[in-house]
Amino acid sequence: MAKPSNRDKILAEGLRVVHAHGFAGSGVRDIVRAAGVPQGSFTNHFASKEAFGLEIIDLYLARGRDTMKATLLDDTQPPLARLAAYIDFQKDRQSQNGMRNGCLFGNFAAEASESCDSIRLRLVDVFGEVQTAMTYCLRAAVKAGELPADFDCEETAGFIVSSLQGANLLCKTHRDSAPIDRFKKVLFEKVLR
C-alpha cells in the first residue's frame, strides 16, 4: 500500500482540524502541524486557503455521496426507511464527537459564505445535490404508495435539507442530539404521514 503523500495528509488532517475548529479558526500552521508536514508543503499543494477549503468540501462530499448511495438512493430498501436511515446516519456521525463538530457544510455556510464567494457557490451546488437525492427518495415513496400521489417531493426535499442543517447546528450548540430527534419525529409524524 502506498504511503500517503503530503498533499493527502494535509487534506485528511486539514478536514479534521477545520471540522473541529472551523475554517477561520484553523490556521495553515495548525493544519500542517496536524498533518506532520513542513509548512511549505501547504503552499506547494494549494494556491490559497480558499482553494484548500474547496478541496476539503469535495472530500467531505465524497463521504456524503457514499452515505446518500447507502441510504436515500438505495432502491432495495423502502423509501421512507431510507430517509430515516439517512437522518440516523447524520445523528450517529455527529455523536462520534459528542455533537461538537456539526456538519462541515453547514459550518462552512455559516462562517465562510459571506467572505468567500467560491465557497458559497460550491455549497449551493452541494446542498442542491443533497436535495436532488432527497427528492429522488421522496418520489420513490410516492411510487411505492408511502406518500400521496400529489405530494410535493421537491419542496419537501428542500425543507428537509434546510431543517436538517438547522437541527445539526442546534445539536452542535447544545451538545445534544435532541434537535435531530425532534426534527425526525415531526418530519415523520406530521409532514410525511
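The values are calculated or read from the model by the stated rules, or taken from the named source; none is laboratory data. Not measured: the values here are computed from a predicted model. A quick note on method: Cβ atoms are made from the backbone with ideal geometry, for glycine too, and the neighbour counts reach across all protein chains shown.
Quick grid of which residues meet (1) of a type outside the set (Phe, Trp, Tyr); (2) more than 30 Å from LYS49 (Cβ to Cβ); (3) out of contact with any Cys (no Cβ under 9 Å at 6 or more places or on another chain):
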residue: GLY102; (1), (2), (3): yes, no, no
residue: GLY106; (1), (2), (3): yes, no, yes
residue: GLU114; (1), (2), (3): yes, no, yes
residue: LYS143; (1), (2), (3): yes, yes, yes
residue: PHE151; (1), (2), (3): no, yes, yes
residue: THR156; (1), (2), (3): yes, yes, yes
residue: ALA167; (1), (2), (3): yes, no, yes
residue: THR173; (1), (2), (3): yes, no, yes
residue: VAL191; (1), (2), (3): yes, yes, yes
Positions within region 58-92 being farther than 18 Å from GLY145 by Cβ, in contact (Cβ under 8 Å) with a residue 40 or more places away in the chain and among the small types (Gly, Ala, Ser), in sequence order: GLY64
Residue within region 53-64 that is in the same structural domain as ILE180 (by TED's automatic domain parsing) and more than 21 Å from LEU11 (Cα to Cα) present: no
First in region 165-180 and assigned by TED's automatic domain parsing to the domain that holds PHE108 and in contact (Cβ under 8 Å) with a residue 12 or more places away in the chain, second anywhere and of a type in the set (Gly, Ala, Ser) and assigned to a loop (DSSP other than H, G, I, E, B), Cβ under 8 Å, 6 or more apart: ASN168/GLY102; LEU169/GLY102; CYS171/GLY102; CYS171/SER177; LYS172/GLY102; ARG175/GLY98
Search result, residues across region 83-138 that are buried (at least 19 other Cβ atoms within 10 Å of the Cβ) and aromatic (Phe, Trp, Tyr): TYR86, PHE105, PHE108
Selected residue [aliphatic (A, V, I, L, M) and in contact with a Leu (Cβ under 7 Å, 6 or more places away or on another chain)] from LEU73, LEU80, LEU54, LEU104: LEU80
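One residue is enough: does region 161-176 have a residue meeting the conditions over 20 Å from PHE105 (Cβ atoms) and part of a loop (DSSP other than H, G, I, E, B)?
Applying the first criterion (over 20 Å from PHE105 (Cβ atoms)) to region 161-176 yields 176.
If we keep only those that are part of a loop (DSSP other than H, G, I, E, B) too, we end up with 176.
Within region 161-176, one or more residues are over 20 Å from PHE105 (Cβ atoms) and part of a loop (DSSP other than H, G, I, E, B).
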Residues within region 33-53 that are surrounded by fewer than 17 Cβ atoms within 10 Å (Cβ to Cβ) and not acidic (Asp, Glu), tallied: 10
